[in-house]
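Structure, as structure tokens:
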Amino acid sequence: MKLAHFTGGLFLSAALFAQEAGHLANIRQLTNGGQNAEAYWAPDGKRLVFQSTREGVECDQIFVMNDDGSGQKMVSTGKGRTTCGYFLKDNRHIVYASTHERDAKCPPPADRSKGYVWAVYPGYDIFLATDSGTIEKKLTEADGYDAEATVNWKTNRIVYTSMASGDLEMWTMKPDGSGKQRVTQTEGYDGGAVFSRDGKRLVWRANHPAAGPAMDRYRELIKENLTTPMKMEIFIADADGTNAKQITNFGCASFAPTFSPDGKKILFSSNKHECDGRKFELFQMNVDGSGLEQVTAFGGFTSFPEFSPDGKRLVFSSDRGAKSRYEFNIFVADWKD
């Protein structure tokens with residue numbers, strides 16, 4: 001699930017440029033035009049899987065490409081809407097969510113008369129496919145939204161968000177769809193989760209409204225398969241959901257967290273400098289929420305970071321240098337720590 005329609009310039013203050021240069025070097029743009037987001041590495045570090053809406057594609061489909069941006073190829077069905085592709089540890093299979101079984105047409109966009117909301121399409125289910133596009137198995141069967149899957153290559157577990165319980169909770173399962181376990185219990189949205197590399201912890205974004213009008217609105221929107229993304233905080237827990245702890249308290253939209261390769265830090269995207277705004281930058285902090293540091297200062301929308309398997313590169317999505325308002329591209333940079 002991605003945020004869209006963000007704009008911004010490229011102005012960098014000297015101080016922030018120096019801070020950014022402290023972590024990112026040799027930034028390369030891998031896509032050119034369209035809306036490209038949520039790029040995630042293959043285990044061998046030679047390819048990426050991502051979602052894209054581009055010329056000839058009405059709404060998001062899943063693509064793979066080489067780590068230099070070459071060889072871009074659509075590997076989803078071309079029907080419905082897709083999101084959140086991720087490689088399995090064998091380097092030959094992917095999982096992604098798609099609505100194509102519900103309807104071959106793109107589902108309608110979220111009703112923005114209700115404010116800035118995300119559509120939680122009930123037609124989404126998670127599928128196992130080869131990296132060339134052959135679907136081998138449907139992994140979820142519950143009514144309602146099933147999406148946002150990521151994979152831990154050490155434990156071979158998949159974490160995803162599902163409405164199976166009647167609320168947007170996180171679940172885990174095996175790559176064949178068996179062994180499903182619910183790992184969050186608090187009413188509200190929980191999603192966008194990733195494992196630490198050792199598979200022992202999870203980090204994710206959440207919106208747990210307080211009792212009263214905020215919770216009433218959450219419940220009303222869920223009935224219409226909608227949710228609000230602009231008040232998200234970052235949480236961390238053990239892989240089974242125990243010892244859950246909120247580690248940001250910005251009152252803004254913080255999302256797309258990922259662990260550093262050593263598991264000691266978390267990189268994430270946030271609009272914490274302007275909570276109601278649409279300028280998102282990357283930030284880094286310790287796993288207890290301390291030591292907050294801004295990583296990028298592009299001035300627009302930057303999100304969905306992930307470290308390469310060897311920890312030497314960072315992939316992310318941004319409107320950096322966009323030629324049109326709705327353009328988002330995928331970038332990779334060398335990481336310095």
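The values are calculated or read from the model by the stated rules, or taken from the named source; none is laboratory data. Keep in mind that what you see is a predicted model, and the values were worked out from it rather than measured. For neighbour counting, all protein chains shown are included, and Cβ atoms are generated from backbone atoms with ideal geometry for every residue, glycine included.
Restricting the stretch 100-137 to residues that are small (Gly, Ala, Ser) and in a loop (DSSP other than H, G, I, E, B), which is nearest to residue 62 (Cα to Cα)? Write out each step before concluding.
If we filter the stretch 100-137 for residues that are small (Gly, Ala, Ser), which is where we start, we get 104, 110, 113, 115, 119, 123, 129, 132-133.
With the extra rule that they be in a loop (DSSP other than H, G, I, E, B), the set shrinks to 104, 110, 115, 123, 132-133.
Numbers: 104: 15, 110: 20, 115: 28, 123: 16, 132: 11, 133: 9 Å.
Checking each candidate, the answer is 133.
Any idea which of (1) in a loop (DSSP other than H, G, I, E, B); (2) at pLDDT 95 or above is the one residue 97 doesn't satisfy?
Condition not satisfied by residue 97: (1).
Out of the strands (runs of 3 or more DSSP E) lying entirely within the stretch 138-229, which hold 1 or more residues that are among the aromatic types (Phe, Trp, Tyr) and in contact with a strand residue (DSSP E or B) (Cβ under 9 Å, 6 or more places away or on another chain)? It would help to see each step written out before you state the result.
Working: elements: 146-152, 157-162, 169-173, 189-195, 201-207.
In the stretch 138-229, 157-162, 169-173, 189-195, 201-207 are the strands (runs of 3 or more DSSP E) which contain 1 or more residues that are among the aromatic types (Phe, Trp, Tyr) and in contact with a strand residue (DSSP E or B) (Cβ under 9 Å, 6 or more places away or on another chain).
Could you tell me whether the stretch 311-324 includes any residue that is of a type in the set (Ser, Thr, Tyr), part of a strand (DSSP E or B), out of contact with any Lys or Arg (no Cβ under 8 Å at 6 or more places or on another chain) and more than 26 Å from residue 158 (Cβ to Cβ)?
For the stretch 311-324, residues of a type in the set (Ser, Thr, Tyr), part of a strand (DSSP E or B), out of contact with any Lys or Arg (no Cβ under 8 Å at 6 or more places or on another chain) and more than 26 Å from residue 158 (Cβ to Cβ): present.
Those residues that are within 27 Å of residue 45 (Cα to Cα) and loosely packed, with under 15 Cβ neighbours inside 10 Å, I need them from the stretch 168-188; list them, please.
174, 176
Within the stretch 243-269, which residues are over 17 Å from residue 118 (Cβ atoms), part of a strand (DSSP E or B) and of a type in the set (S, T, N, Q)?
If the condition is that a residue be over 17 Å from residue 118 (Cβ atoms), part of a strand (DSSP E or B) and of a type in the set (S, T, N, Q), then 246, 258 are the ones that fit.
Within the stretch 35-86, how many residues are modelled with pLDDT of 95 or more and either of a type in the set (Gly, Ala, Ser) or assigned to a strand (DSSP E or B) (or both)?
Looking only at that region, the number is 35.
Based on what the data block shows, is residue 148 at pLDDT 95 or above and in contact with a helix residue (DSSP H, G or I) (Cβ under 8 Å, 6 or more places away or on another chain)?
Against the criterion (at pLDDT 95 or above and in contact with a helix residue (DSSP H, G or I) (Cβ under 8 Å, 6 or more places away or on another chain)), residue 148 does not qualify.
To keep it simple, each residue is scored yes or no on (1) free of Cβ contacts under 8 Å to residues at least 24 places away in the same chain; (2) in contact with a Cys (Cβ under 7 Å, 6 or more places away or on another chain); (3) buried (at least 17 other Cβ atoms within 10 Å of the Cβ).
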position: 159; (1), (2), (3): no, no, yes
position: 166; (1), (2), (3): yes, no, no
position: 194; (1), (2), (3): no, no, yes
position: 198; (1), (2), (3): no, no, no
position: 205; (1), (2), (3): no, no, yes
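Regarding residue 91, is this residue out of contact with any Lys or Arg (no Cβ under 6 Å at 6 or more places or on another chain) and touching a residue at least 60 places away in the same chain (Cβ under 8 Å)?
no
Give me the pairs: first residue in the stretch 240-256 and more than 20 Å from residue 303 (Cα to Cα) and modelled with pLDDT of 95 or more, second residue among the β-branched types (Val, Ile, Thr) and part of a strand (DSSP E or B), beta-carbon distance under 7 Å, and six or more apart or on different chains, which are they?
Correct list of pairs: 245/236.
Right, residue 102: at pLDDT below 95, under 20 Å from residue 224 (Cα atoms) and charged (D, E, K, R) or not?
Answer is no for this residue.
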